[in-house]
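Inspection log for the structure reproduced underneath, given as structure tokens.
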Amino acid sequence: MTFNIYDFTSFNQWIDKGLNSIMSPTWALVTEWVIIGVVFLLFYAVVGLFLVYAERKVCAFMQNRVGPNRVGPYGIFQTIADFIKLLMKELVYIKDSDKLLFNIAPFIVIIASFMALSAVPFAKGLHAIDFDIGILYVIAVSSLGVVGILLAGWSSNNKYSLIGAIRSGAQIVSYELSVGLSLLTIIVLAGTMQFSEIVEMQRNGWFIFKGHIPAVIAFVIFLIASTAETNRGPFDLAEAESELTAGFHTEYSGIKFAFFFLAEYMNMFLVASIAATVFWGGWMPFHISGWEGFNHIMDYIPPFVWYVGKTGFIIWLMMLFKWTFPRLRIDQLLTLEWKYLLPINLVNILVMAFLVLMHWHF
Amino acid sequence: MNSFLKYFTDIFHGVKSLLTGMSVTGRYFFSPGQIVTQQYPENRKTLQMFERFKGEVIMLHDSNNQHSCNGCGICENNCPNGSIEVIAARVPGEDGKPKRIIDRHIYHLGMCTFCGLCVKNCPSNALGYGQKFEHAVFDRARLTKVLNQPGSSIIKGVE
């Protein structure tokens, strides 16, 4: 066995060969699918629980508080305790609700974020599916989540849920444009939509440095738009506690509520890892073309650490947004998108295309 | 042209104010020394309550075990839920006339809502707030307190 934290390709091939040597190719493939599924499920649960804890801690520090500190050292088992509590709660039946849609909605939301996660490159070789249209796939799949939110609001037989869901629909439909266009700016620079190639192209400098001004503008727009797309504050009008009790998941309890909650945090993680991969080089270490010694030192830090560091920083930024800015009104939200972000984004793409044509990027 | 300019100045003003807000919360995040939360049971030994904290109603006594309560009963009349009972006594004064002094100032802590009307209305400022706040007891009768300390007397010249 050749286990190498800098390159997981040989490790994957070792598993593949081992499985193929003891069973038929079809069964080996099925076993691999199951292994990947279980690994992702565990990863999903662990990261989701950790992010909830991190959010509570970060929010507390930003408000000069201590945060959870009673369950376990520094309160690290707080979210696990919360999760066990949610598991044991009753699943309340809602009178006159659309039973099928009501039950299916949390699964649509969680499956959408689960599917999108599969295209994220975590490290060299740690990549479940490497589509040649990876970015398109992620945009398409992650926007499926809004269907689940709309269904949850519609089937709950509750006006607050419905208002929250409709707001969420309007919000995601508009901000999807900005997310797509800001990623398109980088696709213009990269010339590919395949995640592995996008990461590989940043070997001699991350895109945010290579594409300088338009890339920075695209990154800021992506950050704003993706915060809106994950329904997080300051764009959390879909669940606006002070107006709509809890928005689309008002009527959900127990594990179904936990699914919505987990999906929200995993969407944040997903968006942060897309931003890290596309703009900050994903698992690629920090390289400056020409400085061979410096690049060599940077290569000693494992790719997974780079990936986690960048993603963590962007998640921290999104938490900073949530705990700093007040919530936008629905008209302010749409004004921000249609009058500011979208025109700036369109001009930005033109600038980037011009830059690429003139070879003014690094 | 004017509205065109306004569009861009709006963006810059918006970005600037957002960054100001983010710098405030960011500074809080990176300065854990500013945390104001009191972690109560752990810091019980060192906990300092604030001077204005309304823990319980007490009668202020000076070092000679003297207070300034003359037993007028205004606190009792002002108490909205009857947690104060003033039991006065009459003693012969210096000039031979009977004089009203306090015998027992009974305070039912279990009924008190800490509204502070008694402290506010006391004409001779005999009442005040104590800093104690751990009032839990196993027997309700122990919440009934006598505020004037045994053997205390009134300060000369207050009556």
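Quick grid of which residues meet (1) in contact with an Asp or Glu (Cβ under 9 Å, 6 or more places away or on another chain); (2) modelled with pLDDT of 85 or more:
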site: A:Thr79; (1), (2): no, yes
site: A:Asp82; (1), (2): no, yes
site: A:Leu87; (1), (2): no, yes
site: A:Asp98; (1), (2): no, no
site: A:Met115; (1), (2): no, yes
site: A:Lys124; (1), (2): yes, no
- Query: Within the stretch A:46-95, how many residues turn out to be within 22 Å of the chain's Cα centre (by Cα) and of a type in the set (Ser, Thr, Tyr)?
  - Reply: 2
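Residues are listed down the side, and each one gets a yes or a no for (1) among the β-branched types (Val, Ile, Thr); (2) assigned to a helix (DSSP H, G or I); (3) at pLDDT below 80; (4) over 25 Å from A:Leu320 (Cβ atoms):
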{"residue": "A:Thr2", "(1), (2), (3), (4)": "yes, no, yes, yes"}
{"residue": "A:Tyr6", "(1), (2), (3), (4)": "no, no, yes, yes"}
{"residue": "A:Phe11", "(1), (2), (3), (4)": "no, yes, yes, yes"}
{"residue": "A:Gly18", "(1), (2), (3), (4)": "no, yes, no, yes"}
{"residue": "A:Thr26", "(1), (2), (3), (4)": "yes, yes, no, yes"}
{"residue": "A:Thr31", "(1), (2), (3), (4)": "yes, yes, no, yes"}
{"residue": "A:Gly37", "(1), (2), (3), (4)": "no, yes, no, yes"}
{"residue": "A:Leu41", "(1), (2), (3), (4)": "no, yes, no, yes"}
{"residue": "A:Ala54", "(1), (2), (3), (4)": "no, yes, no, no"}
- Query: Taking the condition touching a residue at least 60 places away in the same chain (Cβ under 8 Å) and surrounded by 12 or more Cβ atoms within 10 Å (Cβ to Cβ), does B:Gly116 pass?
  - Reply: yes
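Do we have any residue at all in the stretch A:107-114 that's away from chain B (no Cβ under 14 Å) and either part of a loop (DSSP other than H, G, I, E, B) or within 30 Å of B:Phe29 (Cα to Cα) (or both)?
Looking only at the stretch A:107-114, we keep the residues that are away from chain B (no Cβ under 14 Å), and these are A:107-114.
If we keep only those that are either part of a loop (DSSP other than H, G, I, E, B) or within 30 Å of B:Phe29 (Cα to Cα) (or both) too, we end up with A:113.
Yes.
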- Taking the stretch A:269-297 and keeping only residues that are surrounded by 15 or more Cβ atoms within 10 Å (Cβ to Cβ) and either modelled with pLDDT under 75 or assigned to a loop (DSSP other than H, G, I, E, B) (or both), one is left with A:Gly281, A:Gly282, A:Trp283, A:Met284, A:Pro285, A:Phe286, A:His287
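Does the stretch A:59-67 include one or more residues that are within 12 Å of another protein chain (Cβ to nearest Cβ), touching a residue at least 40 places away in the same chain (Cβ under 8 Å) and in a helix (DSSP H, G or I)? Before the answer, list the steps.
Within the stretch A:59-67, the subset within 12 Å of another protein chain (Cβ to nearest Cβ) is A:59-67.
Now narrow it down to the ones that are touching a residue at least 40 places away in the same chain (Cβ under 8 Å): A:59, A:62-63.
The next check asks that each one be in a helix (DSSP H, G or I); those that pass are A:59, A:62.
Scanning the stretch A:59-67 turns up at least one residue that is within 12 Å of another protein chain (Cβ to nearest Cβ), touching a residue at least 40 places away in the same chain (Cβ under 8 Å) and in a helix (DSSP H, G or I).
Inspect the stretch A:251-268 for any residue being in a helix (DSSP H, G or I), over 23 Å from A:Ser142 (Cα atoms) and not acidic (Asp, Glu) and give the result as yes or no.
First pass over the stretch A:251-268, keeping only residues in a helix (DSSP H, G or I): A:254-268.
Then drop every residue that is not over 23 Å from A:Ser142 (Cα atoms), which leaves A:254.
Subsequent filtering for residues that are not acidic (Asp, Glu) retains A:254.
There is at least one residue in the stretch A:251-268 that is in a helix (DSSP H, G or I), over 23 Å from A:Ser142 (Cα atoms) and not acidic (Asp, Glu).
I need a count of the residues in the stretch A:321-356 that are under 22 Å from B:Val24 (Cβ atoms), touching a helix residue (DSSP H, G or I) at 6+ places or on another chain (Cβ under 6 Å) and assigned to a helix (DSSP H, G or I). Break it down stepwise before answering.
Just the residues of the stretch A:321-356 that are under 22 Å from B:Val24 (Cβ atoms), to begin with: A:321-328, A:332, A:336.
With touching a helix residue (DSSP H, G or I) at 6+ places or on another chain (Cβ under 6 Å) added as a condition, the list becomes A:321, A:323-324.
Filter again for assigned to a helix (DSSP H, G or I), leaving A:321.
Here the count works out to 1.
B:Asn121 - would you say it is polar (S, T, N, Q), surrounded by 12 or more Cβ atoms within 10 Å (Cβ to Cβ), more than 30 Å from A:Leu320 (Cα to Cα) and away from every other protein chain (no Cβ under 14 Å)?
On the way: polar (S, T, N, Q): yes; surrounded by 12 or more Cβ atoms within 10 Å (Cβ to Cβ): yes; more than 30 Å from A:Leu320 (Cα to Cα): yes; away from every other protein chain (no Cβ under 14 Å): yes.
Yes, satisfied.
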- Message: One residue is enough: does the stretch A:75-91 have a residue meeting the conditions within 14 Å of another protein chain (Cβ to nearest Cβ) and part of a helix (DSSP H, G or I)?
- Response: yes
- From (1) away from chain A (no Cβ under 12 Å); (2) free of Cβ contacts under 8 Å to residues at least 24 places away in the same chain; (3) not in a loop (DSSP other than H, G, I, E, B), pick out the condition that doesn't hold for B:Val24. (1)
- Item | Selected residue (criterion: surrounded by the fewest Cβ atoms within 10 Å (Cβ to Cβ)) from residues of the stretch A:190-230 that are of a type in the set (D, E, K, R) and under 15 Å from A:Thr277 (Cβ atoms) | A:Arg203
- Query: With respect to A:Val173, is the statement that it is surrounded by fewer than 18 Cβ atoms within 10 Å (Cβ to Cβ), in a helix (DSSP H, G or I) and modelled with pLDDT under 85 true?
  - Reply: yes
- Item | Unique match (being of a type in the set (Gly, Ala, Ser), outside any loop (DSSP other than H, G, I, E, B) and either surrounded by fewer than 16 Cβ atoms within 10 Å (Cβ to Cβ) or under 17 Å from the mean Cα position of the chain (by Cα) (or both)) among B:Gly128, B:Gly96, B:Gly157, B:Gly82 | B:Gly128
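Does any residue of the stretch B:2-16 turn out to be within 14 Å of chain A (Cβ to nearest Cβ) and within 30 Å of A:Val66 (Cα to Cα)?
Keep residues of the stretch B:2-16 that are within 14 Å of chain A (Cβ to nearest Cβ), which gives B:3-4, B:6-16.
Next, from what is left, pick out any that are within 30 Å of A:Val66 (Cα to Cα): B:15-16.
Yes, that holds for at least one residue.
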- Task: Would you be able to tell me the number of residues in the stretch B:31-66 that are loosely packed, with under 10 Cβ neighbours inside 10 Å and at the interface with chain A (Cβ under 9 Å from one of its Cβ atoms)?
- Result: 1
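If we scan the stretch A:210-217, do we find a residue that is assigned to a helix (DSSP H, G or I) and in contact with a His (Cβ under 6 Å, 6 or more places away or on another chain)? Write out each step before concluding.
As a first pass, look at the stretch A:210-217 and keep what is assigned to a helix (DSSP H, G or I): A:210, A:212-217.
Still in the list and also in contact with a His (Cβ under 6 Å, 6 or more places away or on another chain): A:210.
Yes, the stretch A:210-217 has at least one match.
The values are calculated or read from the model by the stated rules, or taken from the named source; none is laboratory data. Predicted model only: the values in this text are computed from it and were never measured. When we count neighbours, we look across all protein chains shown, and the Cβ atoms used for this are built from the backbone with ideal geometry, even at glycine.
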